[in-house]
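Scroll down for the structure; my scribbles are underneath it.
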Amino acid sequence: MVVGALQPIGLHIYAIGGMPTQSDPNPTNFMFHNWPEVWLRQYFERDYAKVDPVPRAAMTCAMPLTVGELREGKAGFVPGPATDEYFAEASRLSGGKGLIVPISGPHGYHGIVVFAGEVEDFSPEDRARLHLLAIYAHDRMLNLFGGAPDSLSKPLSLREVAVMRLARGGSGDEAIAAQLGIAIRTVRFHFDNSRKKLGVKARTEAMVKAVGLHLLGA
């Protein structure tokens, strides 16, 4: 399904998985990808993990960004000269471009989805579709193989967390709908579900309680 959705956009590589946190270095144990074998070999042999800026970007950003945007400093930092070889090899072996999608969940959970290839000039519609695909694919893989961390008796879904994170940042319903590529009524549906799960009567109370329980991440 993922590959079939990526190919018309000009992407052909994916990586979907969980990321370590300071409090729990191994919160999940899953990573699914179709990186070329030669790139994986180079990555480990040359210890690119020490300079790879993608995980840091995923941990600091709330919304997707392209590899180009990362290199321009739009993740809040500019990758230094130590990353030049990493990016050069990524471009040579796997396209070197694409979209990085941060995933956040309850109790500070962080995951990541990367869609890579040779294009990253995405239309707003394609970017929204890729964001939705990333959330769905990660949620599916996490539930099947990752062992999602427990929170409430009925945990907030990743989509409910995404909606509330954007609201916490000051976005209204219309802006949230536009950023996530969903209808305004769907935004309100997610808010209502979150309110019920948190056992409160008002949206404001839900936001306060979710933040207090550390359900929305950093």
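The values are calculated or read from the model by the stated rules, or taken from the named source; none is laboratory data. Note that the structure is predicted; figures quoted are calculated from it, not measured. As a convention, Cβ positions derive from the backbone with ideal geometry for all residues, glycine included, and neighbour counts pool all protein chains shown.
Set side by side, the residues A5, A62, A82, A75 differ, and just one is modelled with pLDDT of 90 or more and either under 16 Å from the mean Cα position of the chain (by Cα) or surrounded by 12 or more Cβ atoms within 10 Å (Cβ to Cβ) (or both), which is A75. Would a scan of the stretch 197-215 turn up a residue that is touching a residue at least 40 places away in the same chain (Cβ under 8 Å), touching a Lys or Arg at 6+ places or on another chain (Cβ under 9 Å) and not in a helix (DSSP H, G or I)? Checked against the condition, which is being touching a residue at least 40 places away in the same chain (Cβ under 8 Å), touching a Lys or Arg at 6+ places or on another chain (Cβ under 9 Å) and not in a helix (DSSP H, G or I), the stretch 197-215 yields at least one hit.
Does any residue of the stretch 102-110 turn out to be surrounded by 20 or more Cβ atoms within 10 Å (Cβ to Cβ), in contact with a strand residue (DSSP E or B) (Cβ under 9 Å, 6 or more places away or on another chain), aromatic (F, W, Y) and in the same structural domain as L6 (by TED's automatic domain parsing)? Yes, the conditions are met somewhere in the stretch 102-110.
Entry remark, the stretch 176-218: residues being surrounded by 15 or more Cβ atoms within 10 Å (Cβ to Cβ) and touching a strand residue (DSSP E or B) at 6+ places or on another chain (Cβ under 9 Å) number 3 in total. Testing V119 on (1) assigned to a loop (DSSP other than H, G, I, E, B); (2) outside the structural domain of P36 (by TED's automatic domain parsing); (3) modelled with pLDDT of 85 or more, one condition comes back false. Which one is that? Result: V119 passes all but (2).
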